[in-house]
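The values are calculated or read from the model by the stated rules, or taken from the named source; none is laboratory data. Keep in mind that what you see is a predicted model, and the values were worked out from it rather than measured. Ideal geometry is used to build each Cβ from the backbone, glycine not excepted, and the neighbour counts take in all protein chains shown. Ligands, DNA and RNA are stripped out before the accessible areas are found, and what is left, the full protein with its side chains, is counted by its heavy atoms. Shrake-Rupley method; radii C 1.70, N 1.55, O 1.52, S 1.80 Å.
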Amino acid sequence: MDSGPEASPGGPEPARRSDDPAGTPPEGRLARPLPEPVRLSVVEAAAELIGALPADEVPVPLRRFARFERRKRAKLAGQHIAAVLEKDPGFRGRVAEPLREAQPDLVEAVEGGGVPPAADPVRVAVLAYLLRPDGWTELVEAARADLERSATASEEEAAERRVAALKEELAAARTARAAEVDRLRAELRDSKAEVAELRRKLHDARGRYRAAQERAETLAADTDRELAAARESSTAADKELRRLRSRAAQAEAAAEAAKRAAREGRNVDDVRLRLLLDALVDAAQGVRRELALPSVIGRPADAVGALEPDRLAHRALPGRALSDSDPQLLDRLLTLPQVHLVVDGYNVTKTGYGELPLSDQRTRLVSGLGGLAAQTRAEVTCVFDGAELDAPVAISAPRGVRVLFSRPGQTADELIGELVRAEPGGRSVVVVSSDREVADAARRANARPCPSTLLLRRLGRS
């Protein structure tokens, strides 16, 4: 808040004379704004009064702030309160009434012009501004001077504290520098001692190296002599080996001649025995034809009367005797007559080479199945899941391989089940998939499941 040309304590501002120097305030006006502590105290006192007055007694410009909290009134309506205080002497007097009741002695001293020296300059300036006694501007300016001196003294004290802190930091830095220098000197002494030790070790290592080099030269000479002796011994051993091989060849020739002579004698006996057996077989067959004997005769136990148990109808799956992990399972199954091999395509490709794009996976698998069909002459059907495709694709299937994609809304597992159920009873059907559900469904349909790893191993051998 400042006391400027808006208003004067006694009424409208008198016109400035032309001979007044520029910047000289009229009588009863402040040359500068109120000190900030004084302004805040005046505004807070007025904001407190606004909240306590009836609504019709509050100045019209301030009525919309009367419902605010006191702190919000002082913060949000500060400029409006300052303007009304400057222009409305009656409102200014009502703001001073609570202060007059709370501090009657200080109010009397301010109105009488005899302010105690120990009085708070801010309170004196607030009362002087609100009460406007004679010489109130001097009281405000005196408070301003006191506040400025206090601020200057505080700044000087802060500056002295900063200087003292900087001196302490400088002393600490000097102490740390001295300690760092001592540490570096100690490290230098240690480094020199370490260099001396390394030089000594280097000298010892050079001596050991020369001694080792001499020993190596001595060992090399000894090795050369031993190598020459070993070569002579090897030459003699080679001669002895050739002599022994010659004797072994002669012994083998003699043994072969003996075996041949024994085999020729045994062949004559075998021919005689075979002629005798053929004669006996021909005679037995002639007797069977002459007596008209049946080819199979009954057994005594068949004539004993009894109730026989019902025989369960049993249909053996192909390759039942082999486990799913047996490497020979797929090879055995492919030797069955008219076998139908149904392959779960993506299950096989993602087991063997799932890092490839789907198109490369399909091409690699179908190509390998073409070679397998050509080798085994088996019927091969490869099923892919149509849900994996963004659009229909064209695949050139090799001869003997049927490639199918599941329809929209249908999975590859369901299509494999339809293929198995479409086969006539008794035909050998093999389903290649490592999916447990597909394998169980194949068993229930009397087909033989086979893991994908066995097919990948079989294609790898091809």
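Below, the figures for the structure above:
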| read-out | value |
| --- | --- |
| Reachable lysines from residue 72, criterion Cα separation under 25 angstrom, eight or more residues apart if same chain | 87 |
| Probe 1.4 Å, accessible area per residue of region 108-172, Å² | 61 |
| Highest-first arrangement of 335-345, 166-176, 351-361, 414-424, where packing means the average Cβ count within 10 Å | 335-345, 414-424, 351-361, 166-176 |
| Per residue solvent-accessible surface (Å²) - region 362-446, probe of 1.4 Å | 56 |
| Ordering of 53-61, 77-85 by packing [mean C-beta count within 10 Å, highest first] | 77-85, 53-61 |
| Those lysines that a straight Cα-Cα span of less than 17 Å connects to residue 201, excepting residues fewer than 8 apart in one chain | 192 |
